[in-house]
Amino acid sequence: MRARLTIDTEAVAANWRMLAATHGAPTGAVVKADGYGLGAAVVARALHAAGCRHFFVGQVEEGLALRPLLPGAAIVVLGGFCAAEAGAYSAHALMPALGEWGEVAAFGSHCRHVGRALPAFLHVDTGMNRLGLPLAEARARADTLHDLDLRCLMTHLVSSEAPEDGMNELQLQRFAAAREAFPGLPTSIANSSGIFLGPRFASDLARPGAALYGLNPTPGQPNPMRPTVRLTAPVLQLRDVPVGETVGYNATFTAARATRVATVGYGYADGYHRSASGRGWAVFDGARLPLIGRVSMDLLTFDATDAPALAVGDEVELLGPALPPDEAAGFLGTSGYEVLTSLGARAARIYRPL
Ligand SMILES: *Cc1c(COP(=O)(O)O)cnc(C)c1O
């Protein structure tokens with residue numbers, strides 16, 4: 001009686017092929033945060049088999065775990081260069097995305113220490129103001145970077161999922177100014193949504209994450225991606241609650257009709273945000289069951305009155321093709337990204353087609 005997270009790695013690979021075809025130029029894969037919660041190792045292997053040769057992780061440890069699985073592929077650490085783990089980059093062929101002058105200096109001295117110029121990406125900031133060298137400084141000091149083995153000049157879009165946002169154009173202009181200072185260096189611009197902003201946002205290497213895992217890169221329009229996950233949890237108990245009785249902690253739900261309550265083995269300790277209390281739903285046999293009462297640590301309660309076929313031991317869908325992560329994000333009070341990275345921590349993982 002355990003929740004199950006089914007993960008369709010073939011759908012992930014198909015999504016990558018679709019994104020690469022749309023980008024019309026080399027396309028990598030962002031597999032940080034355990035492959036957005038799907039399992040970085042399994043996802044990366046499937047993408048490597050599909051032909052992906054550039055992988056982006058957040059931290060050195062993530063890169064080290066993937067290195068043996070990805071022969072011949074580049075692994076870029078988006079978090080940058082961490083001097084305390086310097087040896088890992090050279091020994092395991094991890095490339096930092098350098099985005100700060102202290103990091104650039106530390107990386108340079110590590111290269112001198114090992115006696116060769118190690119490859120790296122250079123991250124320039126064009127508006128995120130988070131990571132990345134400030135644009136004006138990168139231009140002014142470009143010649144100090146010329147002894148590094150730079151492989152790519154990258155920047156990250158702030159609002160790519162909103163095509164009408166003027167920020168996209170501004171970032172493109174700023175990036176063009178950065179490129180002038182690094183003639184001939186390949187570029188990397190688009191994340192998932194950036195791939196759909198049109199050919200001007202194309203570069204030598206796209207970096208999609210979310211869309212690989214089925215999130216909609218074009219919000220407000222039909223989702224062109226295949227769903228990749230289904231999360232189900234078992235019905236532990238069914239009970240008939242008479243009118244006027246309440247359900248769950250603090251009695252936040254009162255039965256206005258005789259209500260059949262399905263208690264399901266899943267809760268906030270599994271990443272189902274408590275903020276969804278009274279707002280969410282589950283799907284059984286095509287019917288939507290409203291979430292009632294508080295989300296508990298290990299339990300959810302649903303109104304199953306209109307699903308008479310539901311029985312103890314059946315599984316309800318908490319996420320899947322019938323209830324996409326982008327939609328669940330609405331009642332979970334977050335984004336599809338966070339839905340993927342938080343759900344499924346305690347679930348049994350099954351890798352097979354949906
Ligand atoms: C996470 C990340 C991406 C992937 O973004 P998606 O919106 O998930 O496609 C690309 N580039 C950088 C620098 C990132 O941090």
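The values are calculated or read from the model by the stated rules, or taken from the named source; none is laboratory data. Because the structure is a prediction, the values reported are computed rather than measured. Ideal geometry is used to build each Cβ from the backbone, glycine not excepted, and the neighbour counts take in all protein chains shown.
The conditions are (1) in a helix (DSSP H, G or I); (2) more than 18 Å from the chain's Cα centre (by Cα), and G313 fails exactly one of them. Which is it?
In the conditions (1) in a helix (DSSP H, G or I); (2) more than 18 Å from the chain's Cα centre (by Cα), G313 misses (1) alone.
Can you find a residue that is closer than 17 Å to R346 by Cα and assigned to a loop (DSSP other than H, G, I, E, B) anywhere in the range 3-23?
Our first condition is that a residue be closer than 17 Å to R346 by Cα; within the range 3-23, this holds for 3-7.
Retained after the next criterion (residues that are assigned to a loop (DSSP other than H, G, I, E, B)): 3.
Checked the range 3-23: at least one residue is closer than 17 Å to R346 by Cα and assigned to a loop (DSSP other than H, G, I, E, B).
Quickly run through the range 282-316 and pick out the residues that are among the hydrophobic types (A, V, I, L, M, F, W, C) and surrounded by fewer than 17 Cβ atoms within 10 Å (Cβ to Cβ).
Residues of the range 282-316 among the hydrophobic types (A, V, I, L, M, F, W, C): 282-284, 287, 289, 291-292, 295, 297, 299-300, 302, 304, 307, 309-312, 316.
If the condition is that a residue be among the hydrophobic types (A, V, I, L, M, F, W, C) and surrounded by fewer than 17 Cβ atoms within 10 Å (Cβ to Cβ), then A287, M297, A309, A311, V312 are the ones that fit.
Return the only residue of L5, L38 being buried (at least 23 other Cβ atoms within 10 Å of the Cβ), more than 16 Å from the ligand (Cβ to nearest atom) and closer than 16 Å to L340 by Cβ. Steps first, please.
Numbers: L38 fails: more than 16 Å from the ligand (Cβ to nearest atom).
Answer to the selection: L5.
If only one of A49, A29, A44 is within 12 Å of the ligand (Cβ to nearest atom), at pLDDT 95 or above and of a type outside the set (D, E), which one is it?
The unique qualifying residue is A29.
Residues that are more than 16 Å from the ligand (Cβ to nearest atom), farther than 13 Å from M154 by Cα and touching a helix residue (DSSP H, G or I) at 6+ places or on another chain (Cβ under 9 Å): which strands (runs of 3 or more DSSP E) entirely in the range 73-126 hold 2 or more of them? If you could, list the steps in order and put the result at the bottom.
On the way: elements: 74-77, 94-98, 119-125.
Those strands (runs of 3 or more DSSP E) do not exist here; none qualify.
Is it fair to say R279 is surrounded by fewer than 18 Cβ atoms within 10 Å (Cβ to Cβ) and in a strand (DSSP E or B)? I'd like the intermediate steps shown before the answer.
On the way: surrounded by fewer than 18 Cβ atoms within 10 Å (Cβ to Cβ): yes; in a strand (DSSP E or B): no.
No: the conditions fail for R279.
Restricting the search to the range 318-338, which residues are of a type in the set (A, V, I, L, M, F, W, C) and closer than 16 Å to V12 by Cβ? Please lay out each step first, then the result.
The initial filter retains those residues of the range 318-338 that are of a type in the set (A, V, I, L, M, F, W, C), namely 318-319, 322-323, 328-329, 331-332.
If the condition is that a residue be of a type in the set (A, V, I, L, M, F, W, C) and closer than 16 Å to V12 by Cβ, then L319 is the only one that fits.
Going by the conditions given, is L64 out of contact with any Asp or Glu (no Cβ under 6 Å at 6 or more places or on another chain), more than 26 Å from L135 (Cβ to Cβ), assigned to a strand (DSSP E or B) and not charged (D, E, K, R)? Show your work before the answer.
Numbers: out of contact with any Asp or Glu (no Cβ under 6 Å at 6 or more places or on another chain): yes; more than 26 Å from L135 (Cβ to Cβ): yes; assigned to a strand (DSSP E or B): no; not charged (D, E, K, R): yes.
Against the criterion (out of contact with any Asp or Glu (no Cβ under 6 Å at 6 or more places or on another chain), more than 26 Å from L135 (Cβ to Cβ), assigned to a strand (DSSP E or B) and not charged (D, E, K, R)), L64 does not qualify.
Please identify the pairs in which a residue from the range 266-290 that is on the phi > 0 side of the Ramachandran plot has its Cβ atom under 8 Å from the Cβ atom of a residue that is assigned to a strand (DSSP E or B), counting only partners at least 6 apart or on another chain.
Close Cβ pairs (under 8 Å, with a partner that is assigned to a strand (DSSP E or B)) amount to G278/F253; G278/L291.
Kindly indicate whether any position in the range 165-174 is in a helix (DSSP H, G or I) and of a type in the set (G, A, S).
Taking the range 165-174 and keeping what is in a helix (DSSP H, G or I), we get 166-174.
Then keep just the ones that are of a type in the set (G, A, S); that gives 166.
Yes, the range 165-174 has at least one match.
Condition first: assigned to a strand (DSSP E or B) and over 21 Å from G313 (Cβ atoms). Now tell me which residues in the range 236-246 satisfy that. Working first, answer last.
Keep residues of the range 236-246 that are assigned to a strand (DSSP E or B), which gives 236-241, 246.
Matches in the range 236-246: T246 only.
Kindly provide the set of residues from the range 183-220 that are part of a loop (DSSP other than H, G, I, E, B), closer than 22 Å to C152 by Cα and either within 12 Å of the ligand (Cβ to nearest atom) or acidic (D, E) (or both), ordered by number. So that I can check it myself, show each step before the final result.
Initially, the range 183-220 is screened for residues part of a loop (DSSP other than H, G, I, E, B), giving 183-186, 189-192, 198, 202-205, 207-209, 214-220.
Among the residues that remain, those that are also closer than 22 Å to C152 by Cα are: 183-186, 189-192, 198, 202-205, 207-209.
Those that are part of a loop (DSSP other than H, G, I, E, B), closer than 22 Å to C152 by Cα and either within 12 Å of the ligand (Cβ to nearest atom) or acidic (D, E) (or both): I189, A190, N191, S192, S203, D204, L205, R207, P208, G209.
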